[in-house]
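Note sheet for the following structure.
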Amino acid sequence: MAIDSTVSPPTRSAAVACAHCGLDVPRARIAADGKPSFCCPGCATVHATIHALALDRYYELQDDAAARRPATVSGKSFESLDHAAFAAEHVTRRDDGTHDVVLALEGVHCAACVWLVERLPRILPGVVDARLDRVSGRASLRYDPAVVTLSAIARTLDGLGYPPHANRGAARQAARRARARKHVVDLGVAGACAGNTMLFAFALYGGHLEGMDPTTRTMLRVVSLAFTVLSLAWPGRVFFQGAWTSLRTRVPHMDLPVALALTIGTLFGARNTLLDVGDTYFESLTVVVFLLLVGRFLQEKRSRDALDAVDLLFSVTDATVRRLDGDVERETPIEALAPGDRIRVRHGETVAADGMIERGTAAFDVAFLTGESKPRTLSIGDRVLAGSRNQGGEVDVVVEASGARTRAGRLMETVRSAAETKSPIVRTVDRMARRFTVVVLVLAAVTAVLWWGHSQERAVQHAVALLIVTCPCALGLATPLAVTVALGRAAKRGILIRGADVAEALCAPALVVLDKTGTVTTGSMQLCEWSGPATILDRVAALEAGVEHPIAIALRQAVPAARGVVTQRHVEPGFGVEGVVDGETLIVGSPRYVERRTSALPPFIQAAVERVRVRGLTPIVCARDGLVEAVGGLGDALRPDAKAAVHALSKLGHEVVLLSGDEPAVAYAIGRDLGLDIGSIEGLASPERKLERVRAALASGRRVFMVGDGVNDAAALAAATVGIAVSGGAEASLEAADVYLAKPGLEPLLELMRGSARTLAAIRRCLRASLVYNAVNVVLAMTGVLNPLVAAVLMPLSSLTVVTLAFRARTFGDEP
């Protein structure tokens with residue numbers, strides 16, 4: 001692995017530094033007479049050019065800033081990352097002058113890689129923060145462009161062994177395929193080396209029993225040593241690269257004990273080969289390399305499978321669209337769309353951008369965005385969202401927003417960022433794994449000392465076995481994998497969780513603050529109560545057929561198949577409507593309007609009106625041919641699952657309160673229907689009041705889960721321990737929330753709570769399994785039961801066990 005020259009490498013007294021890059025110069029290239037020495041012809045050429053241009057101060061600035069250019073693995077300069085076009089597409093500028101960027105990294109295979117990349121701010125001045133998602137290989141970086149360029153950051157990452165790419169789906173897929181091919185080649189070479197050394201070992205064992213010519217025995221040992229060196233230098237180099245970067249950055253690395261075991265075993269075998277004494281264990285070492293690579297390959301394959309559910313969500317829009325130039329269709333990449341462009345969406349296609357329909361009518365499946373099970377028919381002037389699937393018809397859409405700026409894009413980024421946020425339990429496990437690595441090294445030394453007096457060969461064998469079998473990869477893998485699997489399943493269920501810390505916070509009892517409109521109620525006016533003949537309701541619905549008012553719409557929806565011939569209709573805005581239906585004169589409106597048009601309301605009608613008002617509903621009165629016959633109550637109806645959900649939340653240990661901007665009578669009526677006591681209900685709650693209640697609870701040391709859907713909930717959602725936006729919510733609430741529930745109702749809220757608790761339980765099971773597994777193997781290795789070959793088989797099994805536990809854990813979508 002190339003060395004990042006911004007990190008001071010171990011120095012040796014006899015080493016001569018390259019005059020250009022500062023790396024060690026091979027002895028054969030050290031210049032005489034005090035002239036500058038260079039590690040390679042390239043450095044010599046660059047140095048000569050700099051000197052010819054009188055830019056020698058470059059090297060003085062290097063020493064002052066400790067910012068030597070790294071020797072990159074790929075050899076790229078990454079200057080394209082500094083281009084304005086790249087910045088416009090991928091870089092986000094903060095108010096404080098720093099920039100945010102996400103890069104896809106190659107070579108990320110375990111939690112130790114995360115530790116190393118996240119030390120970037122200590123390695124390279126100007127990098128403010130670095131976070132790495134181990135499974136997807138995406139690094140989220142924050143840096144100061146006045147101090148360091150993005151290309152310099154990329155070269156540093158490249159020098160550490162993690163070549164970066166722009167965070168594009170195609171680039172990630174190509175990098176993943178290239179990496180898979182490299183793994184296959186490494187496995188092939190490792191398998192060939194292991195197979196040949198095993199054949200030579202069989203011959204040597206046979207010669208030990210039947211006798212063998214010393215020259216032949218020496219030749220077989222030497223050839224076995226050559227295959228072992230090849231195995232370690234080619235496919236096995238990944239372990240030494242990880243160990244070297246661990247030593248260079250002073251971060252305990254999971255590859256460190258493995259590299260140490262392979263080194264000790266090889267040196268011990270080489271010594272016995274040269275002295276023609278004892279066993280060599282070359283066949284064990286090459287098989288160890290092969291089995292470790294097989295285990296790593298299978299582990300990474302299962303880890304990638306864990307993100308399949310999430311990856312599918314990232315493909316909700318097509319890669320290309322039909323952009324219209326006049327009336328001519330042109331296949332255009334989605335990235336080229338701009339506001340004002342016109343696109344055509346045919347039957348079966350997915351809308352690629354948010355926009356307004358300018359031609360045509362079609363039914364769209366919007367379940368991904370809103371949780372609605374029925375298609376929504378949209379026509380000219382209606383807004384259509386990216387991710388909606390055309391289920392019939394053809395429309396032309398004027399683009400308003402595309403890519404990450406669409407609502408679907410923001411939802412996807414919510415899912416993408418989920419695994420990157422480290423919860424307290426993840427940080428605790430990271431510290432455990434680092435300490436565990438140090439403990440393993442100490443135990444290996446103790447094992448060697450205890451067995452040295454009995455047999456030097458057995459001392460080396462048992463120490464090597466302990467170093468191999470106790471690799472803490474499973475410990476570091478347990479938490480992030482369990483979280484990733486759980487969040488992927490939650491996303492598939494329409495529960496989008498912003499981060500692992502959110503899932504952990506949801507496991508403790510809290511104050512659950514519910515907004516009313518759209519959260520515990522449907523968010524639209526409905527006919528909730530009717531006192532009177534059903535026949536008059538049918539005629540009322542027919543009379544309201546031509547009126548565009550929320551009350552009229554609610555009455556029509558109450559009787560979708562209303563029949564009646566309307567021969568006359570007069571609407572008095574804000575009061576009611578009067579007309580003739582099937583020869584009968586109907587008057588429908590507020591109590592005062594109907595009373596003015598007829599006579600005083602009968603006592604039973606007044607009682608019905610008062611009853612409707614007590615329930616927090618809007619009363620309407622209906623008269624037929626001058627006689628008042630019916631009273632209706634309209635309002636925002638309670639969701640069918642709301643009362644049961646509130647009861648279940650209380651049983652889980654949460655305290656539930658209702659904050660509504662409606663009149664107190666309306667809020668109290670809904671609260672009573674939910675089973676809440678009067679002290680847990682508050683009406684006329686402004687956005688400021690909701691925020692005040694949330695902050696007061698937080699100040700008292702309580703956790704607060706705010707559940708809402710509107711702009712008036714955004715401040716409280718952002719301030720709460722966990723903000724939960726429900727289906728159909730406003731854009732502001734979506735941006736402020738930590739969780740988005742794509743399905744309507746409160747049942748998804750219960751699933752969120754229960755799934756989070758099961759996720760935390762799955763993490764703990766994985767951790768317990770990993771710790772018990774390693775503890776048992778330590779005892780077996782120290783007592784001499786395990787040899788390096790058996791240890792190599794058992795080590796990847798620990799990681800695979802954790803992966804299996806994570807996949808089989810009941811989290812979201814599974815009943816306990």
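The values are calculated or read from the model by the stated rules, or taken from the named source; none is laboratory data. The shown structure was predicted, so the numbers you read here are calculated from the model rather than taken from an experiment. With ideal geometry, Cβ positions are generated from the backbone for all residues, glycine too; neighbour counts draw on all protein chains shown. Keep in mind that these areas ignore ligands, DNA and RNA; they rest on the heavy atoms of the full protein, side chains included. Shrake-Rupley method; radii C 1.70, N 1.55, O 1.52, S 1.80 Å.
Positive contributions from Lys and Arg (+1) and negative ones from Asp and Glu (-1), summed over other residues with Cβ under 13 Å from the Cβ of L230, come out at 0. Dipole magnitude for segment 584-664: about 80 debye, using +1 per Lys or Arg Cβ and -1 per Asp or Glu Cβ, origin at the Cα centre.
The alpha carbon radius of gyration of segment 530-576, expressed as a multiple of 2.2 N^0.38 Å, is 1.09. Among I380, I536, I553, the order of accessible area from largest down is I380, I553, I536, computed with a 1.4 Å probe on protein heavy atoms. Sorting S524, S756 by accessible area puts them as S524, S756; the probe is 1.4 Å, largest comes first, and only protein heavy atoms count.
Solvent exposure of K35, expressed as accessible area, is near 130 Å², computed with a probe of 1.4 Å over the protein chains only.
Among residues other than N774 with Cβ under 14 Å from its Cβ, the summed charge is +2 (Lys and Arg +1, Asp and Glu -1). Enclosing the Cα atoms of segment 524-635 in their convex hull gives a volume equal to 87 cubic angstrom per residue. With 18 Å as the limit, write out which pairs from K492/K743; K516/K643; K516/K690 have Cα-Cα distances beyond it, or answer none. In this structure, no pair lies more than 18 Å apart at Cα.
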